[in-house]
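Student: Before anything else, here's the structure in question.
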Amino acid sequence: MESKELKAKLFTTSNFYNHLKIMVASFSDLRKSRKNGNINKAFSEKIMLAVTQVNGCRYCNYVHTKSAIDAGASEEEINLMLNGELGDISNDESLALMFAQHYADTNGKPDKETYDHFVGHYGEQKATDILATIRVIMAANIHGISLDALLSRVKGKKMKGSKLSNEFGIALGILILLPVAIIQVGFEKITKNKTEIIYSDKLKNKKNVNVITMLTALLICGGTTYAQDVDKGEGINYHIISRSDLSPRPTGFQPTKAKEVNGAYNENVITSSNRVLNNETIMLKKVNVQPVGEKDFSTWEFLCDEGGHTYEQSAPNPLSYMVGGISSSLLSSVEQAINVLDLDVSSAKVEAKVFFRYDDPMTPSWKGYTDSVVANILIISDEPAEKIAEMKRMAVQAWAVGECIINPTPVDAKFEYNTKIWDTESASSGKVIGDDSYDNNLKITSKGNNPKPQSFKLGTDVSMEKFTNPFIFEVVGISESANDVQRPYLHKIKIRAIQENYAAWDIYADDSRGYEGIDKAPTSSDYFTAGTSLCLMSQLTGWSELYKHQGIDIDDYRVEHQFNYQVDNFMTPSATGHVDGVITRILIKSNTSEKVMSDYAKHALGTCFAGDAVSMETPTEVGVYQNGKLIQ
């Protein structure tokens, strides 16, 4: 079976004990499900695989893949599941599998709307049977991951981020924790006091861990604390860009993929972004991004940082990612138009410069704007100028990212407060471990020399010592072909914000849709979408500091997006690109009122440069140069 490499989630001993109790309480339901025939063996194994793909237990993955095949699941179905694709699984099963993934994503605490839809679809009895299977494999995954981590440690290969106390507490502590869980669950049944960690109209959510249980766990773990606080150690070591094993799973909306009809090409890109806690900067963050349902395009994780008067950024800033996406996406449209027109072109390059502005920064009336975009196409060719001009017209018409900038795009923006996602998705500590990121021997990120555009002049670096009013700066992205035979739309991009202590970065984008072989880098749409999410994260950070000065604490926040890109009549002279809509979700954790949290989210949206570029009409000028001469 071909599958993406699993990435294990890590759990604390107390978290394992909670799932262990739920597992014990679910055994009777599991036995009943075997008898009533609601869930056959193949369906059960697929449910277990769905949970395992989220949690990342290698042992369970091996066992249940084999068991699913033995039970009659097809190899095609298993391959789809191992790669996180559920769209081609039968409709009746796919909802259960998606719920199983959601259950694992939320650490056993699904949101009420999703749970109610799940029960409404299957009915109470079948939903209970499916839940029993999910709960059993959830505990088994956690134990398998911890045992794997402990054995890896013994072999001298410590699992990143794993703690020895939790490895012992879970892998070996089960010898004590399981009997204690059986006793506690039995006692709770007798006293009619079941603990249930799922929404139900009949049962209420309770946290009921008694003193004997906690003392037992403490003996096993040697004094481990059980609150899921931020890791006080060094945290996770991140590369700037890396291929990720798990797709982004937004909780504020259900990702969707549009059907491709009449020669249209759709790219529905989703993101989820979180803070990364770091002693040197409050601006470090990460985002996971991937087109929905695209087997040929991987999930990628980007790290992102800002510069400052005395601090040089450790990773590209949001707007550099965004402008890199602008220039690379236009270059893809140019290359496609060249192919459609069958032009003889020696080289093609796109140089983009975007102007951004803050008004009244760090005041209650603070706003952010994208003032204008300049994008120039540079062509080396002996073709007639009229054909090059036609190529430019076709490329701009098919440029979906450009249409999103030039015209207002509908944005569905909503805010969610203090949801259960924070039990598993809170910010954690980490750092960027170097400027260079490699994937399959390709250096996909590195610090480079300052960009030297040929079609426009760069401004001088804007001081970060103090925000002027207005505060105006520019960001540059220059894209050119990487000349890769296997991936003809692989681009090398040079990006930089023209600001003090903002570095120049070399990154790669791969828009080679439909070609054989693995994608070598994120798509240009990935960069544009992720840059927008990360820009909003930066604004949330800035406003959280302002609110803190007013005595209001914003504990955590997260941004999720879906951008719906489409090119009608793809790879034809009439190809037309557009973005049909954008979903924006801001998730906030705070003890303050919902009114204050709503104001906080609205303020952040109002200062988000990228959001302004998407939702408003942005003046955009596209030029084309042939052999160094501007074609009028």
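The values are calculated or read from the model by the stated rules, or taken from the named source; none is laboratory data. In this text, all values refer to a predicted model and were calculated from it rather than measured experimentally. Counting neighbours? That spans all protein chains shown, and the Cβs are built from the backbone with ideal geometry, glycine included. Just the protein is used for accessible areas: all its heavy atoms, side chains included, with ligands, DNA and RNA removed. Shrake-Rupley method; radii C 1.70, N 1.55, O 1.52, S 1.80 Å.
Student: Lysine pairs in region 517-607 with alpha-carbon atoms under 22 Å apart, 8 or more places apart or on different chains: how many are there? Walk me through the numbers on the way to the answer.
Tutor: Working: 548/589; 548/595; 548/602; 589/602.
Lysine pair count for region 517-607: 4.
Student: What FRET efficiency, computed as 1/(1 + (r/R0)^6) with R0 = 22 Å and r the Cβ-Cβ distance, is obtained for residue 440 and residue 296, rounded to the nearest 0.05?
Tutor: On the way: r = 15 Å, r/R0 = 0.67.
For R0 = 22 Å, the calculated efficiency reads 0.90.
Student: Could you let me know the centre-to-centre spacing of region 86-159 and region 338-377, using Cα atoms, in angstrom?
Tutor: 43 Å
Student: Starting at the first residue of region 464-470, write each ³J(HN,Hα) from the Karplus equation 6.51 cos²θ - 1.76 cosθ + 1.60 with θ = phi - 60°, in whole Hz, x for Gly and Pro.
Tutor: 9, 5, 8, 6, 7, 10, x
Student: How large is the dipole of region 95-159 about the Cα centre if only Lys and Arg carry +1 and Asp and Glu carry -1, each at its Cβ, rounded to the nearest 20 debye?
Tutor: Once rounded to the nearest 20, the dipole reads 580 debye.
Student: While we're here: Once both axes come from the Cα atoms, what is the angle between helix 13-36 and the longest principal axis of the chain, in degrees from 0 to 90, rounded to 10?
Tutor: 70 degrees
Student: If you don't mind, another one. Can you give the accessible area of residue 594 in Å² (nearest 10), computed on protein heavy atoms with a 1.4 Å probe?
Tutor: Residue 594 has an accessible surface of roughly 120 Å² with all protein chains in place.
Student: Output wanted: per-residue J couplings in Hz (rounded whole) for region 260-272, from phi through Karplus 6.51 cos²θ - 1.76 cosθ + 1.60, θ = phi - 60°, x for Gly and Pro.
Tutor: Once rounded to whole Hz, the list reads 8, 10, 6, x, 7, 10, 10, 9, 9, 9, 10, 9, 9.
Student: Would you pull out the residues with amide H under 5 Å of residue 277's amide H, same chain only if 5 or more places away, H placed 1.01 Å from N?
Tutor: Result for residue 277 returns 428, 429, 430.
Student: Based on the mean of other beta carbon atoms within 10 Å per residue, what is the order of 484-495, 565-576, 601-612, 621-632, most packed first?
Tutor: Result, highest mean Cβ count within 10 Å first: 601-612, 484-495, 565-576, 621-632.
Student: Under a cut-off of 21 Å between alpha-carbon atoms, report the lysines in cross-link reach of residue 163, not counting same-chain residues fewer than 8 places apart.
Tutor: Leaving aside lysines fewer than 8 places away in the same chain, those within reach of residue 163 are 7, 9, 155, 232, 431.
Student: If you don't mind, there's one more thing I want to ask. Please report the accessible area of residue 481 (heavy atoms, 1.4 Å probe, ligands and nucleic acids excluded) in Å², nearest 10.
Tutor: Using a 1.4 Å probe on the heavy atoms, I get roughly 40 Å².
Student: Shifting gears a bit: Compute the separation of the alpha-carbon centres of region 535-582 and region 412-451 and state it in Å as a whole number.
Tutor: Rounded to whole Å, the Cα centres lie 15 Å apart.
Student: Consider all pairwise Cα distances in region 304-359 and report the whole-number % of them above 16 Å.
Tutor: Here the tail beyond 16 Å accounts for 60 percent of pairs.
Student: Out of every Cα-Cα pair in the chain, what percent are more than 48 Å apart? Don't skip to the answer; put the middle values down first.
Tutor: Details: 34070 of 199396 pairs.
Looking at the chain, the distances longer than 48 Å represent 17 percent of pairs.
Student: Okay, moving on. Could you put 246, 540 in order of accessible surface area, largest first, with the 1.4 Å probe and the full protein assembly present?
Tutor: On the way: 246 40, 540 0 Å².
Per-residue accessible area, sorted high to low, gives 246, 540.
Student: What 222 nm value per residue comes from the helices of the chain, counting each DSSP H run with n ≥ 4 as -39,500 (n - 2.57) and dividing by all residues, nearest 500 deg cm²/dmol? Don't skip to the answer; put the middle values down first.
Tutor: Numbers: 17 runs with 245 residues, N = 632.
Mean residue ellipticity, 222 nm, calculated: -12500 deg cm²/dmol.
Student: Same structure, new question: Is the shape of region 449-496 best called rounded, prolate or oblate, per the rule: a/c under 1.5 gives rounded, else a/b larger than b/c gives prolate, else oblate, with a ≥ b ≥ c the square roots of the Cα gyration tensor eigenvalues? Don't skip to the answer; put the middle values down first.
Tutor: Details: a/c = 3.84, a/b = 2.87, b/c = 1.34.
Because a/c hits 1.5 or more and a/b exceeds b/c, region 449-496 counts as prolate.
Student: Per residue, how large is the accessible surface of the chain? Use a 1.4 angstrom probe and give square angstrom.
Tutor: Working: 27310 Å² over 632 residues.
Per-residue accessible area for the chain comes out at 43 Å².
Student: Another question, if that's okay. Considering the dipole of the chain built from charges on the beta carbon (Lys and Arg +1, Asp and Glu -1) around the Cα centre, which of 330, 272, 626 is farthest to its positive end?
Tutor: The Cα lying farthest towards the positive end belongs to 272.
Student: Taking all protein chains together and a probe of 1.4 Å, list 24, 476 from the most accessible to the least accessible. Please report the intermediate quantities before stating the final value.
Tutor: Numbers: 24 25, 476 0 Å².
Most to least solvent-accessible, the answer reads 24, 476.
Student: Could you work out what % of the accessible surface of the chain is carbon and sulfur, using a 1.4 angstrom probe and leaving DNA, RNA and ligands out of the count?
Tutor: Values: 14090 of 27310 Å².
Roughly 52 percent, rounded to a whole number.
Student: With point charges of +1 on the Cβ of Lys and Arg and -1 on the Cβ of Asp and Glu, referenced to the Cα centre of the chain, which listed residue (605, 468, 122) lies farthest in the positive direction of the dipole?
Tutor: 122
Student: Could you work out how far helix 524-549 tilts from the main Cα principal axis of the chain, as a 0 to 90 degree angle to the nearest 10?
Tutor: That helix lies at roughly 70 degrees to the long axis.
Student: For the Cα atoms of the chain, what angle does the longest principal axis make with the long axis of helix 112-122, in degrees from 0 to 90, nearest 10?
Tutor: That works out to roughly 70 degrees.
Student: Going down the list 41/112; 257/492; 35/257, which pairs span over 30 Å between their C-alpha atoms? Let's see the in-between values first.
Tutor: Values: 41/112 28 Å; 257/492 28 Å; 35/257 37 Å.
Long pairs (Cα-Cα over 30 Å): 35/257.
Student: To continue, here is another question. How many percent of DSSP beta bridges within the chain run antiparallel, rounded to 5? Don't skip to the end; give the middle numbers.
Tutor: Details: 83 of 104 bridges.
Bridges in the chain that DSSP calls antiparallel: roughly 80 percent.
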